[in-house]
1. Return the residues of the range 152-185 that are among the charged types (D, E, K, R) and under 22 Å from Thr77 (Cα atoms); say none if nothing qualifies.
2. Any residue at all in the range 158-179 that is assigned to a loop (DSSP other than H, G, I, E, B) and in contact with a helix residue (DSSP H, G or I) (Cβ under 9 Å, 6 or more places away or on another chain)?
3. Pick from the range 121-147 the residues that are crowded, with 19+ Cβ neighbours inside 10 Å and of a type in the set (A, V, I, L, M, F, W, C): which of them is nearest to the ligand (Cβ to nearest atom)?
4. Pick out the one residue from Gly118, Gly168, Gly90, Gly179 that is more than 16 Å from the ligand (Cβ to nearest atom) and either crowded, with 17+ Cβ neighbours inside 10 Å or aromatic (Phe, Trp, Tyr) (or both).
5. Under the condition of being closer than 12 Å to Phe167 by Cβ and within 12 Å of the ligand (Cβ to nearest atom), which residue from the range 52-85 is surrounded by the most Cβ atoms within 10 Å (Cβ to Cβ)?
6. With the condition kept exactly as written, say whether any residue in the range 99-106 is among the hydroxyl-bearing types (Ser, Thr, Tyr) and surrounded by fewer than 14 Cβ atoms within 10 Å (Cβ to Cβ).
7. Can you tell me which residue among Ala148, Ala159 is within 20 Å of Gly100 (Cα to Cα) and in contact with a strand residue (DSSP E or B) (Cβ under 6 Å, 6 or more places away or on another chain)?
Amino acid sequence: MTARTAFGGRHRRPPSAAQGDDPVTLGTTAAHAPASAAVLDYAEAMSTLASGVVLVTCRLDGRPWGVTITAFSSVSTDPPTVLVSLGTEGIAARAIAATGRFGVSVLAAQQRPLARLGSAPGAAKFLEPFVEAACDTGASPVVAGSLAHLDCDLVEAVAVADHTVFFGRVRTARAARAGTPLLYHRREYRTLGGPARAHPPIARSLGCLSN
Ligand SMILES: Cc1cc2nc3c(=O)[nH]c(=O)nc-3n(C[C@H](O)[C@H](O)[C@H](O)COP(=O)(O)O)c2cc1C
């Protein structure tokens with residue numbers, strides 16, 4: 001049921017997949033292609049979900065590197081397992097596949113500038129000024145001042161659309177005793193209890209949900 005992806009991670013095939021076919025396009029022939037929402041509708045709907053913001057960290061030629069994401073989730077508590085979804089063509093995805101290790105630093109409200117750095121398309125995202133001095137240079141870089149950090153071993157990588165979902169077994173987890181999280185909602189960074197700008201009522205367009 002699994003195959004190696006182009007960058008070395010494992011790729012789980014859909015249950016109906018025939019061996020030897022391209023796993024990404026399997027099941028998406030014209031006859032069976034799943035319907036897709038319009039991209040803008042999808043993006044608008046997803047923007048209503050308030051998310052915490054994390055920096056996925058890894059090592060690129062031994063140097064700390066990080067990318068800003070919101071697609072991070074706990075998968076299992078025992079054993080502790082998380083997932084992150086990264087653009088497959090991105091540098092971080094390739095580095096994680098190559099090293100088999102990644103970290104997740106949960107950003108604090110005051111780390112908005114770092115979040116912006118980590119989301120600048122194509123920019124160098126080396127993190128030397130922002131990370132704690134490493135005791136273990138094999139471990140994932142830890143963002144200084146983050147609310148929590150999870151150091152993970154890659155256990156599975158699944159390519160879906162133009163992203164790869166990396167599953168990580170959490171080696172070590174630590175959390176700050178206090179701090180306010182950085183949030184992202186309707187394409188803006190926010191904080192807990194922060195001012196929410198008025199938005200036009202959407203009840204009309206979501207009439208079927210308001211019954
Ligand atoms: C708030 C926020 C959340 C993001 N979440 C994700 C995500 O979950 N996965 C992803 O691949 N990119 C996400 N991005 C986009 C990446 O940060 C951005 O594409 C980045 O430039 C990728 O790094 P690269 O250019 O070095 O490949 C997010 C951006 C922002 C601002």
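1. Narrowing the range 152-185 to residues among the charged types (D, E, K, R): 153, 156, 162, 169, 171, 174, 177.
Scanning the range 152-185 gives Asp153, Glu156, Arg169, Arg171, Arg174, Arg177.
2. Taking the range 158-179 as the starting set, the residues that turn out to be assigned to a loop (DSSP other than H, G, I, E, B) are 161-162, 176-179.
Those left that are additionally in contact with a helix residue (DSSP H, G or I) (Cβ under 9 Å, 6 or more places away or on another chain): 179.
Yes - at least one qualifying residue is present in the range 158-179.
3. Looking at the filtered set, the residue picked out is Leu127.
4. Working: Gly118 fails: more than 16 Å from the ligand (Cβ to nearest atom); Gly168 fails: more than 16 Å from the ligand (Cβ to nearest atom); Gly90 fails: more than 16 Å from the ligand (Cβ to nearest atom).
After applying the criteria, what remains is Gly179.
5. To start, the set of residues in the range 52-85 that are closer than 12 Å to Phe167 by Cβ comprises 72-76, 79-85.
Cutting the leftovers down to within 12 Å of the ligand (Cβ to nearest atom) gives us 72-73, 83-85.
Numbers: Phe72: 18, Ser73: 12, Leu83: 18, Val84: 26, Ser85: 19.
In this case the residue turns out to be Val84.
6. Looking through the range 99-106, none of the residues is among the hydroxyl-bearing types (Ser, Thr, Tyr) and surrounded by fewer than 14 Cβ atoms within 10 Å (Cβ to Cβ).
7. Details: Ala148 fails: within 20 Å of Gly100 (Cα to Cα).
Step by step, each of Ala148, Ala159 is checked, and only Ala159 is within 20 Å of Gly100 (Cα to Cα) and in contact with a strand residue (DSSP E or B) (Cβ under 6 Å, 6 or more places away or on another chain).
Per-residue answers, yes or no, for (1) among the basic types (Lys, Arg); (2) within 17 Å of the chain's Cα centre (by Cα); (3) outside any strand (DSSP E or B):
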{"site": "Thr68", "(1), (2), (3)": "no, yes, no"}
{"site": "Arg112", "(1), (2), (3)": "yes, yes, yes"}
{"site": "Arg116", "(1), (2), (3)": "yes, yes, yes"}
{"site": "Thr137", "(1), (2), (3)": "no, no, yes"}
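Values in this text are rule-based calculations from the coordinates and carry no lab data. Not measured: the values here are computed from a predicted model. Glycine gets a Cβ as well: all are built from the backbone with ideal geometry, and neighbour counts include every protein chain shown.
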